[in-house]
Structures are given as C-alpha cells and as structure tokens.
C-alpha cells in the first residue's frame, strides 16, 4: 500500500497543499482528479523527489521513504523519448542506466513491444513514429523499470481521442496483466471514470481531498454506463462548484 | 541551401570585382594594395613557399584545439556537476576573456619559447572559452523532465552524463567548436607575429617588411581557406554525430 500522510507544501506565502493525505491499495488504480492549477503536478514533483515536503510522510509497503524515486516507475504527458536512441534503446534506458543485463532485457522488451502493438518498430527512431506509438514505447520503458508502483502524470493528455482510447486500455493492462499499483493524475473526468478503482477529487489551492469515490463498475467500462454518467455529472458539479446530485 | 550559396558567391563576386576594378581604375600600386587576381596568382605560384608555413600554422591550430578540448571538456563537466565550482571559477574565466590576447602573446613567448608551444597555447586560449561556455550551457539546458526520468531510473552521474547530458549538449558543443576553430587562426598567427621562425604569421611579418604585400595577402588567403576548411570539417562532423539535431523532441 502507498500511504501519503499529512503532506504540506508551501512556496513562499503560497500554500500548495496542507495536511494532504491519500492512500492507494496494492494493485489498485487510484486517480487524482482536480482542476488545472490545483497543485497536482507539484504533488507529483513531491512524490518523485523533485521537491521536498515541508511536513508529512510517505510510505510504500509500510516503509517510510523521503520520496518514491527509488520504488516507482514514472510516465508523463510527454513520451520523453530521447531522439538519439531508437525505440528499443529508449525502452532499455532503465536497464542501461543502472548497468543492468541489456541482452536479457532486450528479449523482455521485444515481448512487450509485441504485446503493446509495436512489433517491427523496435529500431525506428522516435521522430519516425506517431505520438501514440511514442507513448506506447514510453509504456514499455515504464514496464522495464520493473517496479510495482507506477506514477502516471497525465500520460495521455497530449494524444488525440482515438489514440487515447487505445492507450487507456493499455494502461489497464498495467494493472490487470502486470499487477502494478497505479497512481494517475489527470483533469480528464471521463478518463478518470474509465480507469479508476478509486477516484480522489481534489480542491483548488490549497489542495485537499474534497471527496473520494470507490468505483465498482467492472472494467473495461463504457462511456454510456448510467452509473458513470451520473457520477460524471456529480464530479463536474463538484469541480465547477455548481449544483450537483448528493446521492453519491 | 543552393540559394544561400549563390547569394554568398554573388556578394563575394561583387566585392572582388569592385576591388579589382578600383585598383586598376585608380592605378593603385601593388605594394599598397594588390588586385585580387594578383593575390590569387601569388597564392598559387608561391605555394611551394607558403605551404610549409601553412602546415606549421595548421599544426599549431590543431594542437591548440586539442589542448582547449582537453581542458574545457573536463572543466565543463566538473562545473556542471559542482555548481559551487562554477560560481567560484566564473568571475576568473570571464575576467580572463577581458585580457587582450595581444597582451598575452609576448609573455607566452617568454615563458614557452619561440617554438610551437607558445602558439599552440595561444590558439588553445582563444578556443577554450567558447567550447567551455557552450558545453556548460548545453549541459544546463537539459530538460528537467528528462533529468527527473533519469533520477527515477537510478542513473548515476556517469551513466546520466553519457546517455543524457552529453548527447543533449552536442549541438551546443559543436556550435562552440565552430566558433573556436574559426578564431583559432587568430591565436596562432598572433603568436607567430610576436616571435617565430615559421608559420603564416611569420611569413606575413617578413613579407610586409619587404613590401611584398601580395605575399601578405596570399598568406591571408591561405589562412582564410584553412579556417573555412576547419569550419566545414566541424560542420560535417556535427552532421554525422548529431543526426537527431533537426528532429522534433
């Protein structure tokens, strides 16, 4: 389990979040949903160790950590593929960076390339493939970290609707096939409702947890599911501050 | 590309025609300002005389580049790895650039002698700064998201250096090297002016004293061609190494 407890962060006089807490169950998919500028990215910076918290603690599987840099894989909005490496070399970066066994890893990466629809593209350069394929390669690289916790920072927000839909199902594979524990931040309500086991609704700054929802609807989910439509209306109401159905 | 080359040729052609025509029209004596045609003929006909001097200057420049790289590259890496070192050295490095190389040349000849060493050092001093600054800025310009990714991957300093920072900084490095190799000729020639027994700078001084101005210009022409060749070589090397330069990231 990932446990974030009582985290506070201030930049000067501005409080980004105060006494912020949430937890993620092992092998769960928790989505943090909040309005733009609420401090989601700062939270991820804090989780990855780019910035440090003023107060509070992080624990993964009961072990207290200053940040999750050593235990989490990371994927973000940009595919972050290095243009001087082929897709395969990019996917192997987590292994190369720590002087791991590249030959053994290459076989594993090749299987993942095939599984994620990149067969035949391993030796293409990043500029020669589409944005969606670049994100699939980033997904392979994320899996090559071989870490059970995956942090997703709006990983699909730069993609077109069709590609995003395909990649949403691939993100679900991380949970169902590769048994990862996932934490994703997004401001896309539909994406959150399609993927989350637990939805954490955040307030504008200072960011606190406004409401949590446990979604029991089986995956893969459909946009026209009446429960999701009702929940979407409720969440939208909460985020925009307009009237909403309080039956949740 | 072809269009810009044509424009360059046209500009050069116009300048040379005005020069040639002006000298002939006004009857300017050759020992004051020889015509371009005389300079070209001298540069070709006196090649057996000029070439050995050019070879010496070329060697000084190449060794100067090697010296500058040997010092600037590790220093840039150290300054990038240790920002405190950068803050400590930056004022001295900037101040060193404010000193005219002409002022250094006589001292270097006194310290290193009339041989090749003082000229190599002069060329190295001139190239060093653009390489150091461009490489350091290249390292520092690395996107923060990539740095975070490498930190999360657990990449150590050297691995991150070789896999991320060096390739990232390559276009900056080559930009600095291009500037460096073109100004390297200045360092070598100034060194030769102050005290030498061979080299294009030495040939210029000797020819000027004998009013062989066409030979001075011929040496300048050889020097310019040398600079162009070095610039072209670095440009080609950059194209071979930085194959991703124009690709979107």
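Peptide A:39-52 has a mean shielding of 1, counted as Cβ atoms of other protein chains within 10 Å of each residue's Cβ.
For B:142, A:38, the sequence from fewest to most other C-beta atoms within 10 Å is B:142, A:38.
Legend: mean number of C-beta atoms from other chains within 10 angstrom of residue C-beta atoms, peptide A:76-85, equals 5. Residues B:8, B:207, ranked from the fewest to the most other C-beta atoms within 10 Å, line up as B:8, B:207. In the protein assembly as shown, one over the average inverse separation of all distinct C-alpha pairs is 27.4 Å, which is the Kirkwood hydrodynamic radius. Shown for B:161, B:82, A:184: other C-beta atoms within 10 Å of each C-beta, ranked fewest to most, produce the order B:82, B:161, A:184.
Computing Rg and the Kirkwood Rh from the Cα coordinates of chain A gives a ratio, Rg/Rh, of 0.97. Distance between the C-alpha centres of the range B:215-236 and the range A:1-73: 59 Å, rounded to the whole angstrom.
Relative to the longest principal axis of the Cα atoms of chain B, the long axis of helix B:101-112 makes an angle of roughly 90 degrees. Descending by average beta-carbon neighbour count within 10 Å, the peptides B:118-127, B:53-62, B:21-30, A:137-146 line up as B:118-127, A:137-146, B:53-62, B:21-30, the highest first.
Remark on the range B:135-196: Rg and Dmax equal 17.6, 56 Å (Cα only). Inter-label distance, residue A:123 to residue A:23: 5.1 nm, where each label sits 7 Å from its Cα along the C-beta direction. Against chain B, whose longest principal axis is taken from its Cα atoms, helix B:144-153 shows a tilt of about 50°.
Per-residue ellipticity at 222 nm, computed for the protein assembly as shown from helices alone with -39500 (n - 2.57) per DSSP H run of at least four residues, works out to -19000 deg cm²/dmol. Averaged over peptide A:205-218, the number of partner chain Cβ atoms lying within 10 Å of each residue's Cβ comes to 0.
For the range A:77-126 and the range B:170-200, compute the distance between their C-alpha centroids and round to whole Å. Cα centroid of the range A:77-126 versus Cα centroid of the range B:170-200: 43 Å apart. Summarised as an ellipsoid, the range B:44-241 has semi-axes of 38, 19, 11 Å, derived from the eigenvalues of the Cα gyration tensor scaled by 5 and square-rooted, with the largest first. Against chain B, whose longest principal axis comes from its Cα atoms, helix B:36-45 is set at around 80 degrees. Rg/Rh for the range A:80-146 (Cα atoms only, Rh after Kirkwood) is 0.92.
Each value in this text was obtained by applying a stated rule to the coordinates, not by laboratory testing. Just so it is clear, the structure is predicted and the values come from calculations on it, not from any experiment. FYI the Cβ positions are ideal-geometry reconstructions off the backbone, even for glycines, and counts take in every protein chain you see.
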